[in-house]
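Comments concern the structure below.
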Amino acid sequence: MEYKKLQNGSDIRGVALEGIEGQNVNLTEKVCKDIGRGFALWLIKKTGKTNLRVAIGRDSRLSGEKLCNWICSAMVEQGLNITNFGMASTPAMFMSTVTEGYMFDGSIMITASHLPFNRNGFKFFTAGGGLESANIKEILAFAESDQQTGLAKGSIENAEFMDTYSKILADKIRSATGENEPLKGFKIVVDAGNGAGGFYVDKVLKPLGADTTGSRFLDPDGSFPNHIPNPENAEAMESITDAVKEVGADLGIIFDTDVDRAGAVLADGSELNRNRIIAMLSAILLREYPNTTIVTDSITSTGLAKFIKEKGGVHHRFKRGYRNVINESIRLNNLGQDSQLAIETSGHGALKENYFLDDGAYLVTKLLIELARGKKNGYTLASLIDTLEEPKESMEFRMNILTEDFKAYGQDVLDKLNEYAKTQKAWSLEKENYEGVRVNLNRCNGNGWFLLRLSLHDPLLPLNIESNSKGGAKKIAMQLYEFVKTFDKLDASSLANFVNG
């Protein structure tokens, strides 16, 4: 097989288990061992060192232990000294490269985030952060080669790191609040979706005094029997909302499988995800860092942009892809423009104060600090975003591109749409736009906006529509459909069904 097909942006992902028709296993023993050898070669080249220490962890996936054994055995054969942390979170694996007393040369997390049970993959870190797409390409090129390090065999040992990582989070809350048990008197429930996030209850919340009665699906189970561990999934959000309502919790927390993303539910049962969690974190950070720039992905709402501006911040709407928003925030900082937060509507959020690491547990930790402060000072988390204007309607359509050269075809659609938009009196192109074509429409023609963009990896054009008026989304969709229906290699059936329904 072509190893480059396993690349998914800055990760490696593939099929690790049989069980879904048409999806053949491509993360075989040979492939995993080759990837381990490839990472060893890359890390030696990167660091210029030969006596290298690498930490490895995995989420709850059924194939995790098997893949761990394979990749570890290959790295040991190539001369690396491996420490296996077992069940861990993705952010913790990065922290093992920068935490005093550990300081590994590199680390690997075995995960496929929220993807189905049969999938798995690898994320790689050094102390400089997560690897970039170009690094993964190089690792896979090494994997396909016959090159060896030529080093004497390394070693492997088992150890524990989640206690250390959890204490970092708990101590941050203690330090910010000045109390040993700042969550005493609060009911806080967690839904880990049977992923790797169950540790947050016993290792963070309970030591801080929280009552976690009513938490659910904390036990790791890689078959994910209850719901997909994904804060963007409607069933998952319904689950944590139910948990909050059942016990009258002050806050509900939900993690994705490997804990690099999080969502929350407030005491009144309202969801804190997508634009709302961005607004919440922006409100918190703009009090700590006035005038800072908040970098988001391209599909955030006009209401969020207004909210950030009213709070004294600068909203910088950029491209989809968590590495894209993180790298853009880093770029702005390097230019002298302070940017404390880079975050996607998916819940991927990274803070400058935390190594620009997308860490769901750290985002939740920021919420808990504010929850405790609010009780002391007479405000609630909900009050921090009570001026956020939310759209009346918001939806997404995913239109498949039915040709092999999908990127060129998709770009042609976007180029022609950009010119077409200039001819429409009721349309106005967004002036500062970094991805696809974003168009604002006046009140008579939908009172909102749409964004058509090319998917980062897949042969499709995602379309996001948002309206501030009831029925406005359909008005917007009808106008855009008149344009897209002229492209015979674009499957716009989902949009057509909405328009004609």
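The values are calculated or read from the model by the stated rules, or taken from the named source; none is laboratory data. Owing to the predicted nature of the structure, the values given are computational and were not obtained by experimental measurement. Using ideal geometry, Cβ is built from the backbone for each residue, glycine included, and neighbour counts are taken over all protein chains shown. What goes into the accessible areas is simple: the full protein's heavy atoms, side chains included, and nothing from ligands, DNA or RNA. Shrake-Rupley method; radii C 1.70, N 1.55, O 1.52, S 1.80 Å.
Worth a mention:
- Excluding same-chain neighbours fewer than eight residues apart, the lysines reachable from residue 45 by a Cα-Cα span under 17 Å are 137.
- 387, 111, reordered so the largest accessible area comes first (probe 1.4 Å): 387, 111
- When both region 391-415 and region 304-380 are represented by their alpha-carbon centers, they are found 28 Å apart.
- Whether region 407-491 is rounded, prolate or oblate, judged on the alpha carbon gyration tensor where a/c under 1.5 counts as rounded: prolate
- Region 260-359 - Rg over Rh from alpha carbon coordinates, Kirkwood radius: 0.94
- Residue 295 accessible area, assembled protein chains, probe 1.4 Å, Å²: 0
- Global geometry of region 72-139, whether rounded, prolate or oblate, following the gyration tensor of its Cα atoms and the 1.5 cut on a/c: rounded
- Protein-only accessible surface order, largest first, of 108, 156 at 1.4 Å: 156, 108
- When a 1.4 Å probe is rolled over the protein heavy atoms, the share of accessible surface on region 157-309 that falls to carbon and sulfur comes to 46 percent.
- In sequence order, calculated HN-Hα J values of region 237-254 (Karplus, 6.51, -1.76, 1.60; Hz; x Gly/Pro): 5, 5, 5, 6, 5, 4, 4, 4, 5, 4, 10, x, 6, 7, 7, x, 10, 10
- Rolling a 1.4 angstrom probe over region 318-400 with all protein chains present gives an accessible area of which 47% lies on carbon and sulfur atoms.
- Reach of residue 375 by Cα under 16 Å, taken over lysines that are not fewer than 8 positions away in the same chain: 184, 187, 366
- Answer label for Cα extents along the principal axes in Å (calculated), chosen among (i) 69, 62, 42; (ii) 71, 59, 47; (iii) 78, 53, 52: (ii)
- If you sort the three axes of the alpha carbon gyration tensor as a ≥ b ≥ c, you get a/c of 1.5 or more for region 218-287 and a/b no higher than b/c, which makes it oblate.
- For region 329-450, the Cα gyration tensor yields ellipsoid semi-axes of 36, 21, 15 Å (square root of five times each eigenvalue, largest first, whole Å).
- Counted residue by residue at 0.36 nm each, then reduced by the alpha carbon distance between them, the extension gain from residue 245 to residue 458 reaches 72.9 nm.
- Separation in nanometres of the label points that stand 7 Å from Cα toward Cβ, at residue 389 and residue 428: 1.3
- Taken as Cα centroids, region 22-39 and region 71-105 sit 19 Å apart, rounded to the nearest whole angstrom.
- The residues of the chain have, on average, 41 Å² of accessible surface per residue, using a 1.4 Å probe with all protein chains present.
- Estimated translational D of region 1-87 in µm²/s (Stokes, Kirkwood radius over Cα pairs; 10 °C; 1.306 mPa s): 115
- Counting heavy atoms of the protein chains alone, residue 444 has an accessible area of about 110 Å² for a 1.4 Å probe.
- 301, 223, 469, reordered so the largest accessible area comes first (probe 1.4 Å): 223, 469, 301
- Remark: relative contact order (region 310-451) = 14 percent; criterion is Cα-Cα distance under 8 angstrom and separation of 6 or more residues.
- Cross-link reach is defined here as a Cα-Cα straight distance under 17 Å, omitting same-chain residues fewer than 8 places apart; for residue 153 the lysines meeting it are 33, 49.
- Computed FRET value (nearest 0.05) for residue 404 with residue 235, which takes r as the C-beta separation and R₀ as 30 Å: 0.30
- Kirkwood radius, region 128-280, all distinct C-alpha pairs, inverse of mean reciprocal distance: 17.7 Å.
- The chain - share of DSSP beta bridges that are antiparallel (%, nearest 5): 65
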